Every structure is written in C-alpha cells, then in structure tokens.
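Peer 1: Here it is, the structure, as structure tokens.
The values are calculated or read from the model by the stated rules, or taken from the named source; none is laboratory data. Note that the structure is a prediction, hence the values are computed from the model and not measured. Heads up, the Cβs are rebuilt from the backbone with ideal geometry, glycines too, and the neighbour counts pull from every protein chain shown.
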Amino acid sequence: MQEALLTQTIYFEIGPLAFSQSLVTSLTLTILLVLLAASLTHHLLITPTKLQSMAEAIMGVIENAINEVLPQYSRQVLPFIATLWLFLLFANLVGLIPGLQSPTRDLSITAALAILVFFSVHWFGIRSQGLANYLRHYLKPNPLLLPFHLISEFTRTVALAIRLFGNMMSLEIAALLVLLVAGFLAPIPILMLHIIEALVQAYIFGMLALVYVAGSIQSQIISRKHSMTRA
Amino acid sequence: MSDMSFFVTSSTVAALAAIAFGVMIPALAMGWSISKAMEALSRQPEAEKAITRSLFIGLAMIESLAIYVLVIVLIVLFRNPLLEYLLN
C-alpha cells in the first residue's frame, strides 16, 4: 500500500524515458483537449450552436476573471492562463474515474507546470518592458533586498508545485483510508469533497500564476509611473 | 527498549504531534482571515469579487503550510531517510 501511495506505476520505458501512469494520463488528456478545442473552433458560426455557445461561455468567464486582475494585458496572458485552468480542471477531475489517477498527484507533473509558470513570469515581464527594465525591478526598492527577491522567486515556484501535489494526494489518501476503515458507500462524501477541491485547486493554481505574471508586469509599470511623476 | 522499537515509537509520536499542530495553527489562521474577510464584505458588499479573490489566494497560501506538514509527516512515516543508518 505504501508503494501505491507515494510512487507511480510505470507502464513502459523507451530508452531513459519512463512512461509512468501520470505521464500517459496527462498526455492523453492533452491530446483529447486539443482535439476538443480544434473541433469546437472548426466551424464558428455567427448564430452559435449549443456547443459553441457553451465554449464561448467558458471562455467568457475565464476572460472576465483575467480582465479583473490584468486589464491591459489580458489578451497576452489569456492563452497561457486559460490553458492552465482547463488542463488542471480536467487533470484533477480525472482521478474520479475508476481505474485512473489524477496526473496532478504526481510531483513530477505539478513541478513541470510550476516550472512553466516560473519561466512565463519572466517571459511576460521581459516582453512587456524589456530586459533591462525587468532586471532593474529586482534592485527595487533597495539593492539590499536582491537576495530576498531571488529566494521568493524560487520558493514560490516550489510552493506552487507542492501545494497542488499535496492537496490531490492527500485527498486520494483520505478516500483510500476511509474505504479501508468503513467500506461500502462511506467514501462518497469524500469523493464529493474531491470534486470541490479539484475545482478550487485548479482555480488557485491558475490564479496564483496570473497574480505572479501580473506582478512581474505591473511592478515595472508602477515604478515607471512613479519615476515619471517625480521627473 | 531496542533501537528499532524506539525509532518506530518516536517517529509515530512525532508524526502525530506534527500533524496535530500543523492542522491546528493553519486552521486558526484561516478562521481569522475568513472572519476578517466577512467583516470587509459586510462593510463593502460591492467589493465582493476583489475580497473573494484575495481571500482565496490567502487561504491557499495558509493551506499550503498544512500541506507541507502533511508531506513531511508522510516522508517520516513511509520514506524515512534516517532508517538506513539503523538498518545497516
């Protein structure tokens, strides 16, 4: 049981690359989501069909949520954040299907997503204001704070990965333990909690990524405004 | 008491104490922040979206502390790296 709790079953290996269950699940999920998106956007109509208006409603909600945090740059960051949200939503919920595991209960998958967030924070920051301006914000308000800036960059990425992994893993362990103790029908409330938690964790991961990106873009805008008013 | 049974007892006690405190204190912090958010909400209901968003982010931050404790407790219980010294 311990083995099943903390490690992943490996399906097959190609050279040094081991295809674990979580990797296969998330790859399949990615392909399915891409196919779904392609089929939904294939024939866009002025008077939408039911499916199209459903997809438009989902995108509208996501766009509104991004607009509230980052109004000027919402078009730029929308693809990344919306992809994170949709992928995490499905990845968290896949664990409810019998025989499948959430890919997000594997630390490798969440770490990969957190690394993506780490790089995209710098990418959006540099893209909005240029490299020199972006690097300068590490020296503000005082060059003494540079180590703290660097530590916070590192720890928040680790925290992002561990948070999602720990939440999903602990939920599955809780369901498993209740099943061992009580058996028939008793784990169903825990599974309902699983649905809520999957939604909340997907929301939080995407929202934190959005807030970090917004921080890297806006720190320079604010400091630029500040220097303009002073000049 | 042999080394092994002392190790098992102490790691179990330590894990239980850690998870107890690691749940208690973040729970207090979460309750505190939720009550403050409710106060803010009753004072300014029109700022509901901004309050909810920052409340959720803050709760996630606090919750991750409890999750760190859980991860460390699981490591101590199932994958204790110090066990090697005892077994060799």
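Peer 1: Determine if region A:71-94 includes at least one residue that is out of contact with any Ser or Thr (no Cβ under 6 Å at 6 or more places or on another chain), within 14 Å of chain B (Cβ to nearest Cβ) and modelled with pLDDT under 90.
Peer 2: There is at least one residue in region A:71-94 that is out of contact with any Ser or Thr (no Cβ under 6 Å at 6 or more places or on another chain), within 14 Å of chain B (Cβ to nearest Cβ) and modelled with pLDDT under 90.
Peer 1: Could you please let me know if residue A:53 is away from every other protein chain (no Cβ under 14 Å) and either under 25 Å from residue A:200 (Cβ atoms) or crowded, with 18+ Cβ neighbours inside 10 Å (or both)?
Peer 2: no
Peer 1: Taking the condition of being closer than 29 Å to residue B:69 by Cα and surrounded by 11 or more Cβ atoms within 10 Å (Cβ to Cβ), how many residues in region B:32-50 meet it?
Peer 2: Final tally of qualifying residues: 6.
Peer 1: Please go through region B:52-81 and give me each residue that is of a type in the set (D, E, K, R) and in a helix (DSSP H, G or I), ordered by number.
Peer 2: Across region B:52-81, the qualifying residues are B:53, B:63.
Peer 1: Now for a separate question. Picking from B:69, B:76, which residue would you name as being surrounded by 15 or more Cβ atoms within 10 Å (Cβ to Cβ), touching a residue at least 60 places away in the same chain (Cβ under 8 Å) and within 13 Å of another protein chain (Cβ to nearest Cβ)?
Peer 2: B:76
Listed here are the residues, each with its yes/no results for (1) surrounded by fewer than 15 Cβ atoms within 10 Å (Cβ to Cβ); (2) within 14 Å of chain B (Cβ to nearest Cβ); (3) free of Cβ contacts under 8 Å to residues at least 24 places away in the same chain.
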residue: A:113; (1), (2), (3): no, no, no
residue: A:125; (1), (2), (3): no, no, no
residue: A:150; (1), (2), (3): yes, no, yes
residue: A:168; (1), (2), (3): no, yes, no
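Peer 1: Then there's this: Could you run through region A:95-111 and say how many residues are surrounded by fewer than 19 Cβ atoms within 10 Å (Cβ to Cβ) and more than 15 Å from residue A:205 (Cβ to Cβ)?
Peer 2: 6
Peer 1: Based on what the data block shows, is residue B:40 in a helix (DSSP H, G or I), more than 14 Å from every other protein chain (Cβ to nearest Cβ), modelled with pLDDT of 90 or more and under 25 Å from residue A:169 (Cβ atoms)?
Peer 2: Considered against the rule, which asks whether it is in a helix (DSSP H, G or I), more than 14 Å from every other protein chain (Cβ to nearest Cβ), modelled with pLDDT of 90 or more and under 25 Å from residue A:169 (Cβ atoms), residue B:40 comes out as no.
Peer 1: Taking the condition within 28 Å of residue A:27 (Cβ to Cβ), basic (Lys, Arg), within 14 Å of chain B (Cβ to nearest Cβ) and in contact with a helix residue (DSSP H, G or I) (Cβ under 6 Å, 6 or more places away or on another chain), does residue A:156 pass?
Peer 2: So residue A:156 does not fit the description; no.
Peer 1: Could I ask something else about it? Residue A:17 fails exactly one of the following numbered conditions: (1) surrounded by fewer than 11 Cβ atoms within 10 Å (Cβ to Cβ); (2) more than 16 Å from residue A:108 (Cα to Cα); (3) not aromatic (Phe, Trp, Tyr). What is the number of that condition?
Peer 2: Just one mismatch for residue A:17, condition (2).
Peer 1: Here is a follow-up. Here is a list: B:26, B:81. Which entry is exposed (fewer than 14 other Cβ atoms within 10 Å of the Cβ) and away from chain A (no Cβ under 12 Å)?
Peer 2: Working: B:26 fails: exposed (fewer than 14 other Cβ atoms within 10 Å of the Cβ).
Answer to the check: B:81.
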